[in-house]
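Quick note: the coordinates plus some simple rules give every number you see, no bench work behind them. Here the structure is a predicted model, which is why all the values come from computation and not from measurement. Virtual Cβ from ideal backbone geometry, glycine too; neighbours counted across all protein chains shown.
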Amino acid sequence: MRERPLADVPRWVGAGLALALALQIGVAWLQPRPSARAEDLGPAPGASTLRLAALGEPIALANLLMLYLQAFDYQAGTRVPYRNLDYDRLIDWLSRILELDPAGQYPLMSASRLYADIPDAAKQRTMLEFVYREYLKDPNRRWPWLAHATILAKHRLKDLPLARKYATALQQHTTAPEAPGWVRQMEPFILEEMNELEAARVLIGGLLASGQVKDRRDYELLGRRLKELEQRLKAK
Amino acid sequence: MLWLVGVLLLVAAASAAFLQQVAITETARIQAAIIAALLRGCAGFLVAAFVVMSMVREFNDKVLELMLAQPWPRAAYLFGKFVGFSAAALLLAAIVSVPLALLAPASRVAVWALSLACELVILASMSLFCVITLTHVVPALAAVLGFYVLGRSMTAIQIIAQASEASQDWADRLASWIVQGIAAILPRFDLMTQTAWLVDAPPAAGAIASVLAQAAVYTALLVTAAQFDLHRQNL
């Protein structure tokens, strides 16, 4: 055994250690509490600068940058809401992070679930458009975030044409087998809410006829919806 | 170590010349900011490497056993080492600050150098503590590097963790408390030797006093921790 018993340590050393530790905790307590301010978010560095800074580890750098962004997101103790962030700069940062790590889901998750979920319609639209643009670059990986964007456009912004645009993109570009059926079936329901019953009927009919709807319950649900639409159209 | 300091100063001078050619505007500001950050990081590494290497050489050459066989207490040996390494750290802080006087006002460079000296003394103490505990170069240097990086990034980690304070999830709150606990026993390196002091506004007297107090208390903590560990070692 390399270590001697604790009793061999002079008492003054133990007492000094305890005193110094207590003093350090006291000093730490007196230091100003760290806080983040929304207006502090600086411009995003250029893509080539970041590639150089990554030193061959772009995924690691992308994750570090996401954590850096979080320092502005969480706004600990200051209660500064997301809407106070400069959204153009924020989108630049998120784009750069996606360029470094295109397979990473964190930036778009943050964009659609955090930054787009604010009571500022203009900034919300800016962020949703960013999600839409990035979705088109890799639809089969990024569909969850555009699906959420569609729901935000429909229920928060009450902008049905915008929601339809996103739903159409989801229907046309998402081919991943793991994507649930409802992701590709949102458009007819939005059309129905827009009172475009004929278009909705055609779309549901097309979906059923195309064989894209594999799930039996989805098929039955769409079938019932189609009948209801046909009845409403007849009643018009 | 002196030739390494010379190389560092040469690299700093070359970088300053390069930045002068590259920067379109605010040349002196850019030079001061980048060179100061470079010198700060390299000086920290040099101090840690110097302390660890020289102590490990003493262990390997059995100088430590020889010293402990003398009729003086272990505390005297360790305190002597601390004073020597701290003197080297102070000298290094003074040397690396000299080139900055060409890029920023001398009064600001003096304050920056004072803070760098405090930072380097803390690093020397930390290196002494780690090398006495771990006794090998790589683990000791890795521990000092980890300590330094954690000390400089703790504020960002705290900001992220503070968001969990409002959470109802006990795991979030526990994580936040753990981060606050770690922060309480780390020095606030982010408040020391700030580049902004050189290029923007000089620090308030309170900020300098806080740096000095932090350095004194933390150095005392590390030296007593090293004393504790040295007394427990069966040498």
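Could you tally the net charge around B:Arg152, taking each other residue with its Cβ under 15 Å from the Cβ of B:Arg152, Lys/Arg +1 and Asp/Glu -1? Net charge in that neighbourhood comes out at 0.
For chain A, the longest principal axis of the alpha carbon atoms and the long axis of helix A:11-30 meet at an angle near 40°. Applying a DSSP loop filter and a limit of 16 other Cβ atoms within 10 Å to the trypsin sites (Lys or Arg not before Pro) in the range A:141-193 leaves A:Lys158. When the listed pairs A:Lys137/A:Lys227; A:Lys137/A:Lys234; A:Lys154/A:Lys214 are checked against a 30 Å cut-off, the alpha-carbon distance exceeds it for A:Lys137/A:Lys227; A:Lys137/A:Lys234. Taking each DSSP H run with n ≥ 4 as -39500 (n - 2.57) and averaging over every residue of chain A yields -20500 deg cm²/dmol at 222 nm. Each Lys and Arg Cβ is given +1 and each Asp and Glu Cβ -1; about its Cα centre, the protein assembly as shown then shows a dipole of about 560 debye. Think of the range B:1-68 as having a plus end and a minus end, set by charges on the Cβ of Lys, Arg, Asp and Glu; of B:Ile34, B:Met67, B:Gly44, B:Ile34 sits farthest toward the positive end of this dipole. Neighbouring Cβ atoms from other chains, within 10 Å of the Cβ of residues in A:8-19, number 5 on average. Among complete DSSP H helices in chain B, those whose alpha-carbon atoms stretch at least 24 Å along the helix's long axis and whose mean Kyte-Doolittle hydropathy reaches 1.6 are B:2-22, B:106-134.
Per-residue packing, averaged as other Cβ atoms within 10 Å, sorts the ranges A:59-67, B:15-23, B:89-97 into the order B:89-97, A:59-67, B:15-23, beginning with the highest. Can you classify the protein assembly as shown as rounded, prolate or oblate using the Cα gyration tensor, where a ≥ b ≥ c are the square roots of its eigenvalues, rounded means a/c under 1.5, and otherwise it's prolate if a/b beats b/c and oblate if not? Because a/c hits 1.5 or more and a/b exceeds b/c, the protein assembly as shown counts as prolate. For B:Lys81, the lysines whose Cα comes closer than 24 Å to its Cα, not counting residues fewer than 8 places off in the same chain, are B:Lys62. Take each residue of peptide B:208-219, count the partner chain Cβ atoms within 10 Å of its Cβ, and average: the result is 3.
Take the alpha carbon gyration tensor of chain A, find the square roots of its eigenvalues, order them as a ≥ b ≥ c, and report rounded if a/c is under 1.5; if not, report prolate when a/b exceeds b/c, else oblate. Note, shape of chain A comes out prolate. Dipole magnitude for the range A:187-236: computed about the Cα centre from +1 point charges on Lys and Arg Cβ and -1 point charges on Asp and Glu Cβ, it is near 260 debye. With a ≥ b ≥ c taken as the square roots of the eigenvalues of the C-alpha gyration tensor of the range A:43-159, please select rounded if a/c is under 1.5 and otherwise prolate if a/b is larger than b/c or oblate if it is not? Since a/c reaches 1.5 but b/c is at least a/b, the shape of the range A:43-159 is classed as oblate. Using bins of 5 Å that start at zero, the share of Cα-Cα pairs per bin across the range B:43-232 amounts to 1, 8, 14, 17, 17, 14, 11, 9, 5, 3, 1, 0, in whole %. Projecting the Cα atoms of A:Leu152, A:Met109, A:Ala47 onto the dipole axis of the range A:43-159, where Lys and Arg carry +1 and Asp and Glu carry -1 at the beta carbon, places A:Leu152 farthest toward the positive end. Among the residues of B:182-192, the average count of other protein chain beta-carbon atoms within 10 Å of the residue beta-carbon is 3. Tell me the angle of helix A:58-73 to the major Cα principal axis of chain A, expressed in degrees between 0 and 90 and rounded to the nearest ten. That works out to roughly 90 degrees.
Computed from Cα atoms, the angle from the helix A:87-100 axis to the main principal axis of chain A rounds to 80 degrees.
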